[in-house]
Amino acid sequence: MQLTVTKDMEAFHRALLTSAKEGRRLALVPTMGALHAGHLSLVEHARTLADTVAMTIFVNPKQFGPNEDFAKYPRALENDIKMAEKAGVEIIYAPDAEDIYPEGYSTSVSAGPLSTQLCGKFRPGHFDGVATVVSKLLLRAMPHVAVFGEKDYQQLCIIRRVVEDLDIAVDIVGAPIIREADGLAMSSRNTYLSAGERGVAPRLYDTLVNTGREIIMGNVTTKAAIADAIKLLTALGFKVDYLELRDSDTLEPMDGFEPPARLLAAVWLGKTRLIDNIPLE
Ligand code: PAF
């Protein structure tokens with residue numbers, strides 16, 4: 001298929017129809033652009049699951065709080081198009097905000113309690129914004145499968161919940177976190193870090209790994225291991241929003257260790273908020 005790049009919903013639908021008429025299975029990779037190797041790994045994963053890969057590029061205003069970084073969030077559409085095409089994306093849909101949320105728009109999707117804990121506690125309304133836009137994008141594309149990164153692990157769980165609850169007929173697939181050589185999870189927001197902060201940032205992943213090891217070995221209680229980790233991160237200059245052990249499937253809090261579990265954290269380094277998580281199995 002020839003590459004289609006459009007911000008027009010009808011043109012997007014025409015490209016999807018061409019693919020469908022050829023009997024091709026469709027995978028969707030929703031993004032906010034500013035692509036990096038993490039996004040490309042989602043595309044690579046999507047290509048193993050479908051014949052046509054479509055990508056959406058949309059910086060969704062509804063998932064940013066009033067004091068968050070919507071205005072400064074990196075935007076690099078030209079470069080994103082080149083990277084996506086090279087990775088094998090055949091349809092790129094990059095709508096304007098007025099197209100997704102036209103005048104009079106007033107509906108919101110909420111996944112309930114899953115949305116108000118962990119990151120949701122610190123970013124009120126964020127996950128409703130994510131659930132709303134992802135529902136709209138899935139309904140516009142109706143792909144067979146959609147791929148999301150495990151870096152935003154809570155987001156992935158919420159999207160699974162929403163799709164199941166709203167009977168949206170799509171398989172939601174999570175793809176593993178891609179890390180820099182020093183362990184820092186790739187994120188478009190890493191560009192906000194100063195050189196000094198960038199040097200410290202990988203200590204988040206190190207701390208998760210070491211804490212996970214302590215928890216699995218069971219030499220200390222989960223509570224004590226987490227308290228030590230928060231103390232260490234704070235001493236290193238991070239401000240910890242949370243570091244918690246949760247059930248991998250339900251995100252229920254966990255006192256003792258019972259696999260499959262996830263150790264999840266959100267921290268601030270200066271003005272940059274970083275999130276990361278690891279599986280404990
Ligand atoms: O993970 C992201 O990039 C965004 O939250 C998503 C899923 C594209 C929704 O805007």
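Since every read-out is calculated from the coordinates, none of them should be taken as a lab result. Not measured: the values here are computed from a predicted model. Glycine also receives a Cβ, built like all others from the backbone with ideal geometry; neighbour counts cover every protein chain displayed.
Observations on the model:
- Listed peptides 208-214, 64-70 by packing density, highest first (mean Cβ within 10 Å): 208-214, 64-70
- For the listed peptides 25-33, 232-240, a ranking on the average number of other beta carbons within 10 Å per residue, highest first, reads 25-33, 232-240.
- Listed pairs Lys62/Lys136; Lys21/Lys82; Lys7/Lys136; Lys7/Lys82 exceeding 18 Å between Cα atoms: Lys21/Lys82
- The spacing between region 184-231 and region 56-112, judged by their C-alpha centroids, is 29 Å.
- Counted charge near Asp99, where neighbours are those whose Cβ lies closer than 12 Å (Asp, Glu -1; Lys, Arg +1): -2
- Linear extension gain, Ser194 paired with Asp69, 0.36 nm per residue minus alpha-carbon span: 43.4 nm
- Charge dipole (Cα centre; +1 on Lys/Arg Cβ, -1 on Asp/Glu Cβ; no other charges) of the chain amounts to roughly 500 debye.
- Relative contact order computed over the chain (Cα-Cα under 8 Å; 6+ residues apart), in percent: 16 percent
- Counting only residues at least eight positions apart within a chain, or on another chain, the aspartates and glutamates with an alpha carbon under 17 Å from that of Lys223 are Glu214, Asp241, Glu244, Asp247, Glu252, Asp255, Glu258.
- 5 angstrom amide H check on Val240, placed H, neighbours 5+ away: Trp268
- Once both labels are positioned 7 Å from their Cα atoms along Cα-to-Cβ, the gap between Ala227 and Ile168 label points is 4.2 nm.
- Every helix of 4 or more DSSP H residues in the chain counts as -39500 (n - 2.57), and over all residues that averages to -12000 deg cm²/dmol at 222 nm.
- Ranked by how many other beta carbons lie within 10 Å on average, peptides 168-175, 88-95, 113-120, 4-11 from highest: 88-95, 113-120, 168-175, 4-11
- Low-density loop cleavage sites - trypsin sites (Lys or Arg not before Pro) in region 60-125, where at most 11 other Cβ are within 10 Å (DSSP): Lys72
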